[in-house]
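Note sheet for the following structure.
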Amino acid sequence: MNLSGRVSALLRHYGLAIGLGVAVLCIGLAGLGFLIAGYYLWLTHYLGTAPAAAITGGTLFALAGLTAIIGAGVIKRLKKPEGNLFGDAASTLGLGMRIASLMIRRDPKKALILAAISGALAEYILSDTRK
């Protein structure tokens, strides 16, 4: 299978997974809404409407707080990828130096011509005015 076929299959797979995830989330939220409504109706049967609404709201706030605390703990435990631009630049520079030294050892004339061309090209690309 070629690269575009693999990418297409991968995107199809992830698209299906995301679509199913959204569908499950919507159905789960609808079910949670019915459970909350049932909880409220059950409380109104034994208490009045105002105390039942207050208890339902308090329960939801407590669940939201608990979810926030657990989520913050999980996020703290996850390691963030550390971006090190200096390390990346040093590694690229080191690779360039190794390639340059290899070229100089093999054929110094080609290395000199390549350096002149790359310098002129860099000057042309980075110049402020286009002529």
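Every number in this text was worked out from the coordinates using simple rules, so none of it is lab data. Since the structure is predicted, the reported quantities are computational estimates derived from the model, not experimental observations. Neighbour counts are summed over all protein chains in view; Cβ atoms, including those assigned to glycine, are modelled from backbone coordinates with ideal geometry.
Overview of results
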quantity: Compactness relative to 2.2 N^0.38 Å, alpha carbon Rg of the chain; calculated: 2.23
quantity: Leading residue at positive end of dipole, the chain (Cβ point charges), from TRP42, LEU66, ALA53; calculated: LEU66
quantity: Per-residue [θ]222 nm for the chain (sum of -39500 (n - 2.57) over DSSP H runs n ≥ 4, rounded to 500); calculated: -31500 deg cm²/dmol
